[in-house]
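Chemist: Take this structure first; my questions come after.
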Amino acid sequence: MPVIGIDLGTSNTCVAVVNNGRPQVILDEKGRATLPSMMSLNRKDQVFVGHMAKAQMSVEPERTIHSAKRLLGQRFNSEDVQRLLPFLTYKVTQTDNGLVGLVVDDHCFSPTEVSAAVLKKVKSLAETALREPVTQAVISVPAHFDNTQRKETKRAAEIAGLEVLRIINEPTAAALAYGFGMDAAHTIAVYDFGGGTFDISVLEIGDGIYNVLATGGDTFLGGNDFNQIVANWIIDRFRTRTRIDLADHPIAKQRILDAAEFAKIQLSTQQEVRIELLQIAPEISPSLAINDTLTRAQLDALCAPLVDRSLDICQSVFDSAGLHGENVDQIVMVGGMTRMPLIRKKVQEWFGRAPNTQINPDEAVGIGAAIQAMALDACTDDILLLDVIPLTLSIEAAGGICIPLIPKNTKVPHRVSRTFTTSRDNQESVIISIFQGEGSHTQDNIRLATFELANIRHAKRMEPRIEVSLRIDVNGILSITAVDLDSNQSQSVQIVDMNLKALDALNAQEVDAL
Ligand code: AMP
């Protein structure tokens, strides 16, 4: 039974397989290599996924769910979600557990369920093409995805009936696609600018070994942001001309977003583009229309800050790894946005050399995931991936300070242990919070888990010695175990309410630190 590779993108999803040693993208019945990562419901509650959903987008934007990947595992109140809300054309609500619910009529879907629907569609697409059942997959995620986002991706696959053999970072997958069959050792940077996320990874590759030296990125920087900037430009000009704010009109807004994306793509190959949208607000007046010309120079000026943000991330990743742009032999460009001339120009300036644009930016990640799937399926050691964690893991100490336990760019899998004790006689439990991120204080980082070491044996303060181990597996997913060092009994570790204030954590003292 074949194991497929899936690039579950914010905008598009691509599925690939290795057939007789040859990696290839699985095309749909119309020969298309990618599927829009969208789901829509019609008024009869029929669900559509992919191209059919995208077709419904401009007609019934409030019934079409897109960008679910950006909301995966996010808390409703998070800054990122709040920033995104004005640009979503469907209703988003806060669920009882504080997460994000995507609402169409009286249906409320989680972003995980929407991702599952997309994965189910590509699973069936693969089964039709390969003429056999498919139950296992390697799925790629942005290198910068945190623990929860990775777990939710895995859960989405399970709902879709796929066992995930491995979660692979997107730039690492692209490196696999680039380096497949190449022997000569060299250093590459994978600059991956997709629809919703940006990632940069630096790898040493050669002889089947893919050694990630450093990685970084932003899960809220992608092609969608370019579309929104152009859409705002159109809306602003229309407002100046008519005093009507089309941002309040969902159908008009969606048509403008589609036109903005189309214009952006056109401007990759031409110098100017006309944006014409007739009857843009028929409910106000049938004669209202948009009729603008956007030039490449204007687009570049509007979007340069987004490209600069990606280069700032490159700078910090290179700094943290002690590398320089000139150390890199090849810059591999992946993700649809890397077709934009401004991006290619600025990347060339930053690295001091022309980027490699030979590989197909839409297909490389899916192909790389398929190569990894083949290697895992065949248990071959011809390919060795040495990946890293993208964000530092820390533990909360007194005053909300984060003490790093596993620094970013540590190779996975990795395990670290710390010994804790109590600060009161007969203390029965200790609360410990783990954070992910580079900030020195908890408020600057993402709380991964707050857990309770419960049922600690009754003893004088500082007597119990409980060893807590954090393990990051090859998928970049964290698990926590604890052992009472005196009895050698494993200690119960329970994830408690994420919002619980970890007061006892302030009392927990590390024996190591004494
Ligand atoms: P991906 O997530 O890799 O599929 O990237 C999708 C993003 O790439 C979307 O925001 C597209 O609008 C953008 N994109 C695709 N083709 C082009 C192009 N020729 N020029 C500029 N942007 C593009």
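Chemist: Give a quick list of GluC sites (Glu not before Pro) in segment 272-359 that DSSP marks as loop, anything other than H, G, I, E or B, with at most 16 other Cβ atoms within 10 Å.
Modeler: E283
Chemist: Excluding residues fewer than 8 places away in the same chain, name every one of the lysines whose C-alpha is closer than 23 Å to that of K120.
Modeler: Straight-distance partners of K120: K30, K44, K54, K69, K151, K154.
Chemist: What's the Kirkwood radius of the chain in Å, using all Cα pairs?
Modeler: 24.4
Chemist: Can I ask one more? Filter the trypsin sites (Lys or Arg not before Pro) in segment 1-52 to those in DSSP coil with at most 12 other Cβ atoms within 10 Å of their Cβ, and list the result.
Modeler: Here the trypsin sites (Lys or Arg not before Pro) that fit, given the DSSP loop and packing criteria, are K30, R43, K44.
Chemist: In sequence order, what are the phi-derived ³J(HN,Hα) couplings for segment 258-275 according to the Karplus relation 6.51 cos²θ - 1.76 cosθ + 1.60 with θ = phi - 60°, rounded to whole Hz, with x for glycine and proline?
Modeler: Going residue by residue, I get 4, 5, 5, 5, 4, 4, 4, 5, 4, 6, 6, 10, 10, 8, 8, 9, 9, 10 Hz, with x marking Gly and Pro.
Chemist: Another question about this same structure. With each label point set 7 Å from Cα along the Cα-Cβ vector, what nm distance links Q270 and A289?
Modeler: Result: 1.7 nm between the two label points.
Chemist: Could you tell me how far the Cα centroid of segment 280-302 sits from the Cα centroid of segment 17-80, in Å?
Modeler: 27
Chemist: Also: Which ordering of H107, H144 is given by a fewest-first count of other beta-carbon atoms within 10 Å?
Modeler: Starting with the residue having the fewest Cβ neighbours, the order is H107, H144.
Chemist: Trypsin sites (Lys or Arg not before Pro) within segment 332-400: which are DSSP loop residues with at most 15 other Cβ atoms inside 10 Å?
Modeler: Here the trypsin sites (Lys or Arg not before Pro) that fit, given the DSSP loop and packing criteria, are R353.
Chemist: Can you tell which of M39, P286, I359 lies farthest toward the positive end of the dipole of the chain, using +1 and -1 charges on the Cβ of basic and acidic side chains (Lys, Arg; Asp, Glu)?
Modeler: The Cα lying farthest towards the positive end belongs to P286.
Chemist: On to the next question. Note down the relative contact order for segment 317-404 as a percent, whole number, built from C-alpha pairs under 8 angstrom at least six residues apart.
Modeler: Reported relative contact order: 20 percent.
Chemist: Rank these for me by crowding, T240, T421, T153, going from fewest to most other beta carbons within 10 Å.
Modeler: Result, fewest neighbours first: T240, T421, T153.
Chemist: Could you check the spin-label model distance between S490 and N77? Points 7 Å from the Cα along Cα→Cβ, value in nm.
Modeler: 3.4
Chemist: In whole percent, what relative contact order does the chain give with Cα contacts below 8 Å and a gap of six or more residues?
Modeler: For the chain, the relative contact order is 14 percent.
A short reminder: the numbers here are calculations on the coordinates, not readings from a lab. The structure presented is a predicted model; accordingly, all values stated were derived computationally and were not measured. Here the Cβ is made from the backbone with ideal geometry for all residues, glycine too, and neighbour counts use every protein chain on show.
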